[in-house]
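Have a look at the structure below, then the notes.
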Amino acid sequence: MIYVIKKGDTLSRIAREFGTSAARLRSDNGLLADQPLVPGQALVVLIPDRTYTVRPGDGLYRISSQTGVPVRELIRLNPTLVQTGTVRAEEVLTLSLQGEGENLGPFRINGYAYPHIRPGVLRQAMPFLTELSIFSYGFREDGTLVPTPDRWLLEEAARFGADPSMVLTSIDENGQFSTTRAARLFQDQSLQDVILDNILTVMKEKGYRILDSDFEFIRGEDAQAYFSFLRHARDRLHAKGSRLHVDLAPKTYANQPGLLYEAHDYTVIGEIADQVLLMTYEWGYAYGPPMAVAPLPQVERVLRYGVSEIPTEKIQMGIPNYGYDWILPYEKERRATTVGNQEAVLLASRMGAAIRFDETARAPTFQYRQDGVLHEVWFEDARSMQAKIRLADALGLGGLGIWNLLRPFAQNWAWFSENLRF
């Protein structure tokens with residue numbers, strides 16, 4: 001369940017009221033030991049139903065066999081296990097939670113990760129993922145690939161049984177999506193064959209099961225060549241038993257103008273791809289005015305257009321795992337600071353700022369003043385996740401795609417463990 005902090009609340013009082021422990025509340029919500037609660041802050045409260053006290057000589061697989069609870073479910077219900085991998089005698093494990101939760105899904109859950117992600121943060125997420133998308137591989141003009149140090153991420157995917165996905169982009173040496181580099185690939189059949197040969201070799205050697213095509217800012221005149229490339233890639237992947245995933249800009253109608261949208265034809269690509277990610281975020285962005293990153297009404301408009309053109313089981317709804325901190329008054333030349341969702345709550349507590357939940361955007365926000373400068377922060381919490389995932393469930397979507405996993409969000413995984421079907 002989600003509990004919203006009122007003035008005067010303490011973790012110990014909330015724990016007593018709901019029959020759990022302050023330590024569990026702190027762990028499930030990513031709170032520091034001395035972190036003050038603030039009015040308006042959302043807490044996920046997981047109330048144990050069945051428990052098991054670890055005996056000397058017990059291990060996770062033995063406990064799983066004795067209790068009938070799969071190991072992965074034990075880890076989801078007891079998140080400290082994912083860091084230690086071991087249990088201690090007299091430790092009390094949760095085997096099930098009180099209540100049924102919302103019973104949403106099941107979904108394919110895809111998380112995007114860079115190789116520099118902290119291992120502990122990645123392992124928080126891994127028990128919930130069906131796919132791990134590793135960002136990213138590029139390519140040179142001669143068709144050779146620009147690799148990424150992915151070995152340890154592939155090992156984590158194998159450890160948790162998640163399908164590893166190789167993300168291919170047209171990002172250049174300056175770290176930007178290159179319209180020119182993408183166009184050259186789409187127009188040159190021989191270059192495509194060299195790159196696809198190299199991709200399939202890497203996928204076989206490293207165990208990748210999915211190719212994620214993330215091409216952004218494609219010129220409208222290159223659209224047909226882009227579709228041909230995707231068909232060619234899909235056919236070659238299918239011949240090897242692999243799948244094609246395509247990332248799509250958040251459109252609300254077919255002929256939406258702009259470099260970001262024109263070549264992302266939902267109808268055509270929805271037929272070609274095995275699955276797609278609709279990038280339903282970045283309405284609030286670094287150089288834009290303060291607002292929610294993924295306001296629910298805007299997300300819903302994209303998804304409703306998406307399901308009108310693409311089979312629902314192919315669609316993953318994009319979920320942002322970050323927020324922004326803007327300086328007020330807003331100036332479009334001044335970049336907002338990216339903040340993690342846990343970081344945002346910690347910032348509110350340190351600044352003594354009450355959190356307000358915007359009922360239209362379905363997202364939390366707060367303002368604070370530092371050194372005489374006013375700031376406004378928008379981020380995500382369990383309530384905003386709940387609103388988005390209820391919508392995904394109502395529309396019958398096949399999956400969720402989390403961009404990205406770099407920042408810790410313990411509360412999200414706690415809410416998942418209670419409310420999603422796996």
Practice problem: Tell me, please, whether a residue that is hydroxyl-bearing (S, T, Y), at pLDDT 95 or above and not in a helix (DSSP H, G or I) can be found in the stretch 254-277. | Solution: yes
Practice problem: Among the numbered conditions (1) of a type outside the set (V, I, T); (2) within 21 Å of V167 (Cβ to Cβ); (3) surrounded by 14 or more Cβ atoms within 10 Å (Cβ to Cβ); (4) in contact with a Leu (Cβ under 8 Å, 6 or more places away or on another chain), tell me where K240 comes up short. | Solution: (3)
Self-check item: Single residue of the stretch 200-218 satisfying the filter (more than 23 Å from A249 (Cβ to Cβ) and either without any contact (Cβ under 8 Å) to a residue 40 or more places away in the chain or not charged (D, E, K, R) (or both)) that is surrounded by the most Cβ atoms within 10 Å (Cβ to Cβ)
Solution: Y208
Quiz item: Among S12, S21, which is the only one that is within 23 Å of S349 (Cα to Cα), outside the structural domain of P408 (by TED's automatic domain parsing) and at pLDDT below 95?
Solution: S21
Self-check item: Test: L81 is over 25 Å from A15 (Cβ atoms), hydrophobic (A, V, I, L, M, F, W, C), at pLDDT below 95 and surrounded by 14 or more Cβ atoms within 10 Å (Cβ to Cβ)
Solution: no
Self-check item: Residues (in contact (Cβ under 8 Å) with a residue 24 or more places away in the chain and surrounded by fewer than 17 Cβ atoms within 10 Å (Cβ to Cβ)) located in the stretch 157-174
Solution: A158, R159, G161, D172
Practice problem: Specify which of the listed residues (G352, G396, G401) is among the small types (G, A, S) and under 15 Å from I109 (Cβ atoms). | Solution: G401
Exercise. Tell me which residues, restricted to the stretch 129-149, are surrounded by fewer than 22 Cβ atoms within 10 Å (Cβ to Cβ) and of a type in the set (A, V, I, L, M, F, W, C).
Key: L145, V146
Practice problem: Identify the residue in the stretch 175-199 that is among the small types (G, A, S) and exposed (fewer than 14 other Cβ atoms within 10 Å of the Cβ) and, among all such residues, is farthest from R219 (Cα to Cα). | Solution: S190
Quiz item: Do we have any residue at all in the stretch 279-294 that's in contact (Cβ under 8 Å) with a residue 12 or more places away in the chain and not in a loop (DSSP other than H, G, I, E, B)?
Solution: no
Quiz item: Given (1) under 30 Å from H238 (Cα atoms); (2) crowded, with 22+ Cβ neighbours inside 10 Å; (3) in contact with a Phe, Trp or Tyr (Cβ under 9 Å, 6 or more places away or on another chain); (4) among the β-branched types (V, I, T), where does V268 come up short, assuming only one miss?
Solution: (2)
Quiz prompt | Unmet requirement for L132, which otherwise passes all of (1) touching a residue at least 24 places away in the same chain (Cβ under 8 Å); (2) of a type in the set (A, V, I, L, M); (3) out of contact with any Pro (no Cβ under 6 Å at 6 or more places or on another chain) | solution = (3)
Quiz prompt | W326 within 30 Å of N255 (Cβ to Cβ) and aromatic (F, W, Y) | solution = no
Exercise. Inspect the stretch 215-225 for any residue being closer than 22 Å to G175 by Cα, assigned by TED's automatic domain parsing to the domain that holds A183 and of a type in the set (V, I, T) and give the result as yes or no.
Key: yes
Self-check item: Lone unmet requirement of (1) more than 29 Å from the chain's Cα centre (by Cα); (2) within 26 Å of L346 (Cα to Cα); (3) in a helix (DSSP H, G or I) for Q66
Solution: (2)
Quiz prompt | Lone unmet requirement of (1) of a type outside the set (G, A, S); (2) closer than 29 Å to E343 by Cβ; (3) surrounded by fewer than 23 Cβ atoms within 10 Å (Cβ to Cβ) for K251 | solution = (2)
Quiz item: List pairs: first in the stretch 32-57 and assigned by TED's automatic domain parsing to the domain that holds S12 and at positive phi, second modelled with pLDDT of 95 or more and in a strand (DSSP E or B), Cβ under 9 Å, 6+ apart or cross-chain?
Solution: G40/V4; G40/R356; G40/F357; G40/P364; G40/F366
Quiz item: Of all residues in the stretch 23-52, which are farther than 22 Å from L74 by Cβ and over 25 Å from the mean Cα position of the chain (by Cα)?
Solution: A33, D34, Q35, P36, L37, V38, P39
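The values are calculated or read from the model by the stated rules, or taken from the named source; none is laboratory data. Just so it is clear, the model here is predicted, and its values are computed rather than measured. We place every Cβ from the backbone using ideal geometry, glycine too, and count neighbours over all the protein chains shown.
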